[in-house]
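Shown next, in structure tokens, is the structure this report addresses.
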Amino acid sequence: MSIQKLKNRWLIALSAVGIHISIGSVYAYSVITNPVKDILDVEGSVIKWAFKIAILLLGLSAAFLGRWVEKVGPKISGTTAGLFYGIGILGSGLAVQLESLTLFYLCYGVIGGIGLGLGYITPVSTLVKWFPDKRGLATGMAIMGFGFSALIFGPVMQSLFETVGVSNAFYILGAIYMFLILSSSRYIEKPPEGYLPDGFKPGEGKTIKEDISNITANAALKSSRFYYMWIMMFINITCGIAVIAAASPMMQEKLSYTPMEAATVVGLIGVFNGFGRILWSSLSDYLGRANIYIIFFAFQILAFYFLPEITMELFFLLILFTVITMYGGGFATLPAFLGDLFGTKQLGAIHGMILASWGLAGVVGPTIYDVVKSSTGSLDITLKVFSGLFVVALVVSLLMKRSVNKAYKEKVNKIELA
């Protein structure tokens, strides 16, 4: 590729944000629940199944289609994501118009969910290749878009439902998402082979720390580091999703908030979820990825254990919001860490396989919360169970740190012997 044709990597990053802001609208699903349940004449819990199916399909499609994403490149996989997600939302409008719950599950849950999975992993492995010097910052920007999306599209959805009706709102939203993802996918592409940013080319002074390995997804599956990462993500997501799902009743129980005050805090959770994604992943460029996860788990052991005892409102909220930043930060730091561990050869496929933990944790987290809470009747015991899970995560993160240090030492020794 000639130098004239080399694309601007910051515009590639902006394209990645365009894709993630569109698919991240799935986090505004609570806005959809009431208008759709009234039209389809079912309980809200029945409508929520479309969201659960979508998150499950996000995890499954990311896991099973990761190799295909690497093979065809980000342009084709991004375009496919745009078509699936756009058609899923347009079809949801048709389902509401025809008052068909089955069609709603199929369109929003299955078709939209496949679009979510493809759209989530498509830009991330490309960004890691364009930003070998700032992996955490680059992936944090895109995945921050996913976290902040609900803040943008939540109010847009609500006003469209009120002004043009529910099915028309889906048609408009489907067209917007499809346009954003397809136009972003037109610009996004892999960098040329051996790409290095300015200042890092041979003789220019700056160097980039080499990855521990550069291996295929099949080889990664044989590595203990893959399973360490899977367990760390599973526990972080399980506990984080449970707290997000239970935030409103928890505020009302612990701080005697009204439902309206609790709803405001839930909105702020979205802000801190997005903010944590860019904050922690950027910090990981300087503090080291393994250290970031050790900080996450050490803090959350204490936070979940002592949160029930805290009665001072400001302190309670400070701890809660910090936990939420770490939930978002776990997602954003993940792709950069996987790049360090396994290289960029099949990063999309490896990232996808780790994201299967998201699909599972989305079911397990709220279920553990509900089961423990209903059997003990105590929020305090429930949060202490999650504190115990974080002890497991901390042990695994320390094993990961030891494994990473050992691998880097072996690499240095090999270079010196050569």
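Pairwise Cα separations in segment 1-44 fall into 10 Å bins from 0 onward with the following percentages, short to long: 22, 25, 20, 15, 11, 6.
On a per residue basis, the convex hull of the C-alpha atoms belonging to segment 323-407 measures out at 97 Å³.
Grab the DSSP H runs of the chain that are 4 residues or longer, score each as -39,500 (n - 2.57), total them, divide by all residues and round the 222 nm result to the nearest 500 deg cm²/dmol. Show your work: numbers first, answer last.
On the way: 15 runs with 337 residues, N = 418.
Calculated mean residue ellipticity at 222 nm is -28000 deg cm²/dmol.
Rg and Dmax of segment 37-136, based on Cα coordinates, read 15.8, 53 Å. Under 8 Å for C-alpha pairs, at least 6 residues apart: give me the relative contact order for segment 274-418, rounded to a whole percent. Relative contact order here is 38 percent. With one equal scatterer per alpha carbon and no solvent term, the Debye-computed log10 I(q)/I(0) for the chain at 0.12, 0.14 1/Å reads -0.97, -1.29. When the Cα convex hull of segment 189-313 is projected onto planes of every orientation, the mean area is 11.7 nm².
Which chymotrypsin sites (Phe, Trp or Tyr not before Pro) in segment 128-201 sit in a loop by DSSP (not H, G, I, E or B) and have at most 16 other Cβ atoms within 10 Å of their own Cβ? Taking segment 128-201 and a limit of 16 other Cβ atoms within 10 Å, the loop chymotrypsin sites (Phe, Trp or Tyr not before Pro) found are TYR195, PHE200. Rolling a 1.4 angstrom probe over the protein heavy atoms with all chains in place gives the chain an accessible area of 42 Å² per residue.
How do LYS406, LYS373 rank by accessible surface area computed with a 1.4 Å probe, from largest to smallest?
Details: LYS406 130, LYS373 55 Å².
Final ranking, largest accessible area leading: LYS406, LYS373.
When the listed pairs LYS71/LYS134; LYS201/LYS345; LYS206/LYS414 are checked against a 32 Å cut-off, every alpha-carbon distance falls at or below it.
For segment 37-136, applying the loop criterion from DSSP together with a ceiling of 13 other beta carbons within 10 Å to the GluC sites (Glu not before Pro) yields GLU43, GLU99.
Solvent-accessible area assigned to carbon and sulfur over the chain amounts to 66 percent, based on a 1.4 Å probe. What whole-number distance in Å separates the alpha-carbon centres of segment 230-285 and segment 352-368? Computed from Cα coordinates, the inter-centre distance equals 16 Å. Based on C-alpha pairs under 8 angstrom that are at least 6 apart in sequence, the chain has a relative contact order of 25 percent.
The values are calculated or read from the model by the stated rules, or taken from the named source; none is laboratory data. This is a predicted model, so every value here is computed, not measured. For neighbour counting, all protein chains shown are included, and Cβ atoms are generated from backbone atoms with ideal geometry for every residue, glycine included. We work out accessible area using only protein heavy atoms, side chains counted, and drop any ligands, DNA or RNA first. Shrake-Rupley method; radii C 1.70, N 1.55, O 1.52, S 1.80 Å.
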